[in-house]
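Enquirer: Pasting a structure below so you can have a look.
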Amino acid sequence: MLRTGTPASRQFAGRVALFYGTLFGLTGTHLPFFPVWLRSIGIDASWIGLICAVPAVTRFTILPFITASAERRHALRGTLVLTAFATALGFALVGGQRAALPVFLAYVATCAAWTPMVPLTDAYALRGVLRYGLDYGRLRLSGSAAFVVGALACGLVADVITAEKLIWVIVAVAALGAVASLMLHKLDGPAIGKAGPRDDGALLRDRGFLVIIVAAALIQGSHAAYYTFASINWQAHGLDGLTIAGLWVLGVLAEIVVFALSPRLTLQPATMLVIAAVAAVVRWLVTALEPQVAVLALVQLTHGLTFGLTQVGTMGLLVRHVPAHVMARGQGYLAACSGIVASGASILSGVVYARYGQGVYDMMAVMAGSGGLLIWLARRRLLHAAHPQSPDSGG
């Protein structure tokens with residue numbers, strides 16, 4: 001088994017880290033400022049909630065078919081290249097629209113290619129984790145760092161260009177991701193590991209796996225109102241583009257710290273999810289009170305727990321419970337479940353926000369608490385159900 005000190009492992013890690021950087025650099029420009037762009041071209045709150053729910057919907061409709069197909073064909077890298085280029089072209093198409101319905105339809109086509117990229121990249125990276133003995137948190141860290149750069153850069157640009165042009169910043173970053181995808185190593189081939197569920201049906205009948213993806217979906221899905229309306233609300237309260245970007249960045253900096261420290265964490269992955277859920281409940285209840293910027297900045301630091309620790313814990317559970325040869329499908333089902341939860345939360349948050357404003361975060365707190373309770377009740381089962389992975393699986 002190759003280890004982290006070999007030239008092959010370093011080259012693999014470097015290129016995956018670069019691709020994670022472009023992937024989440026796109027997220028860093030998109031999440032804070034895509035809703036602002038939608039508002040700038042005259043789209044109302046209900047439509048914004050519906051449009052922002054599209055990525056979540058494609059996660060449980062289109063995404064599982066793409067991840068399963070890529071895995072059956074042993075073509076993770078090729079599928080990543082194809083979806084990266086399609087995403088860049090799709091955002092360019094979105095940018096040419098102005099009415100709500102055409103934006104919605106173009107965005108649906110774009111998200112069909114874009115949303116599979118994260119689970120495909122995670123599956124690709126986890127194969128490298130098993131093959132080269134790498135650490136997932138360290139690989140994923142570059143993505144969070146790029147999110148910071150993307151959000152800050154877009155925040156600076158937002159203060160010097162009109163909001164209607166922000167979409168072209170998003171398009172440019174998507175184009176960088178397409179180029180970076182060409183640098184990924186070919187790491188596809190029949191998997192060696194044979195432990196655990198061997199087909200889709202068996203994986204979906206595994207209660208431990210279902211608990212993992214549902215609990216993770218509820219905790220991550222509780223960010224729906226934040227992702228959709230935080231920037232709009234902050235802008236309405238007089239915050240400028242750089243301040244808005246700075247608030248997003250604070251959260252991601254905390255996330256980066258969690259990823260950087262993840263190799264040293266000795267907590268069980270299930271315990272990580274419980275801690276993350278408790279932190280999310282506190283975060284959303286405080287956010288619902290519309291705190292001043294200083295308090296809001298402190299609250300944003302909990303993102304390291306509510307998102308970062310959830311991600312690390314979830315990946316840790318999947319590595320223990322999902323065989324390498326069906327990892328892409330496992331990631332696809334996780335994304336699909338997350339999509340069902342997040343799309344419903346996003347659509348509902350649009351309706352609730354239009355009527356109750358920041359009260360929408362109370363609903364998010366209930367979601368996070370439900371996910372934490374679920375994983376807490378199943379923690380012993382998950383601990384005993386884990387199976388060992390073959391270090392060379394997933395070639």
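The values are calculated or read from the model by the stated rules, or taken from the named source; none is laboratory data. Just so we're clear, the structure is a prediction, and the values are computed from it rather than from any experiment. Backbone-built Cβ (ideal geometry, glycine too); neighbour counts: all protein chains shown. For the accessible areas, the whole protein counts, side chains as well, though only heavy atoms, and no ligand, DNA or RNA atoms are used. Shrake-Rupley method; radii C 1.70, N 1.55, O 1.52, S 1.80 Å.
Enquirer: If a/c stays under 1.5 just call it rounded; otherwise compare a/b with b/c (prolate if a/b is bigger, oblate if not). Do that for the chain, with a ≥ b ≥ c from the square roots of the Cα gyration tensor eigenvalues.
Expert: Values: a/c = 1.63, a/b = 1.33, b/c = 1.23.
Verdict is prolate for the chain.
Enquirer: I would also like to ask the following. Could you work out [θ]222 nm for the chain from helices alone, using -39500 (n - 2.57) per DSSP H run of at least four and dividing by all its residues? Round to the nearest 500 deg cm²/dmol.
Expert: Working: 18 runs with 300 residues, N = 395.
It lands at -25500 deg cm²/dmol.
Enquirer: Here's a follow-up. So for H237, H74, what's the accessible-area order with a 1.4 Å probe, most first? The partial results should precede the final answer.
Expert: Numbers: H237 120, H74 70 Å².
So the residues, ranked largest to smallest area, are H237, H74.
Enquirer: Return a whole-number percent for the relative contact order of the chain, with Cα pairs under 8 Å and 6 or more residues apart as the contact set.
Expert: Details: 699 pairs, mean separation 122.8, N = 395.
So the answer I get is 31 percent.
Enquirer: Then there's this: Not counting ligands, DNA or RNA, and with a 1.4 Å probe, what is K165's accessible surface area in Å² rounded to the nearest 10?
Expert: 120 Å²
Enquirer: Continuing with the same structure: Extending each Cα 7 Å along its Cβ direction at S40 and Y356, get the distance between those two points in nm, one decimal.
Expert: The answer from the label model is 3.2 nm.
Enquirer: Considering Cα pairs under 8 angstrom that are at least six residues apart, work out the relative contact order of segment 40-144 and quote it in whole percent.
Expert: Working: 71 pairs, mean separation 35.7, N = 105.
Result for segment 40-144 is 34 percent.
Enquirer: Further question: Multiplying the sequence separation of L267 and T6 by 0.36 nm and subtracting their Cα-Cα distance, what value in nm do you get?
Expert: Numbers: separation 261, 0.36 × 261 = 93.96 nm, distance 2.88 nm.
Here the answer is 91.1 nm.
Enquirer: Continuing with this model, one more query. Not counting ligands, DNA or RNA, and with a 1.4 Å probe, what is S338's accessible surface area in Å² rounded to the nearest 10?
Expert: Spelled out: S338, probe radius 1.4 Å, area about 20 Å².
Enquirer: Using a Förster radius of 22 Å, what is the FRET efficiency between L156 and A236 based on their Cβ-Cβ separation? Nearest 0.05, please. Show your work: numbers first, answer last.
Expert: Details: r = 21 Å, r/R0 = 0.94.
Efficiency for this residue pair is about 0.60.
Enquirer: Something else: Can you work out the FRET efficiency for the pair V179 and A202, with r the C-beta to C-beta distance and R0 = 45 Å, to the nearest 0.05?
Expert: Values: r = 39 Å, r/R0 = 0.86.
Rounded to the nearest 0.05, the efficiency is 0.70.
Enquirer: Within the chain, which whole H helices from DSSP have a Cα span along their axis of at least 18 Å and a mean Kyte-Doolittle hydropathy of 0.0 or more, if any?
Expert: Working: long enough: 7-40 (48 Å, 0.42); 76-95 (28 Å, 1.62); 100-114 (20 Å, 1.72); 117-132 (22 Å, 0.47); 136-158 (33 Å, 1.24); 166-181 (23 Å, 2.52); 207-221 (20 Å, 1.93); 224-236 (19 Å, 0.19); 241-261 (30 Å, 2.22); 269-287 (27 Å, 1.87); 327-356 (41 Å, 0.76); 360-385 (38 Å, 0.78).
Going by DSSP H runs, the hits are 7-40, 76-95, 100-114, 117-132, 136-158, 166-181, 207-221, 224-236, 241-261, 269-287, 327-356, 360-385.
Enquirer: Roughly what would the spin-label model give for L348 and A163, points 7 Å off Cα along C-beta, in nm?
Expert: Result for the modelled spin labels: 2.7 nm.
Enquirer: So how much slack lies between V366 and V295, counting 0.36 nm per residue of separation and subtracting their Cα-Cα distance, in nm?
Expert: Details: separation 71, 0.36 × 71 = 25.56 nm, distance 2.17 nm.
23.4 nm is the gain from fully extending V366 to V295.
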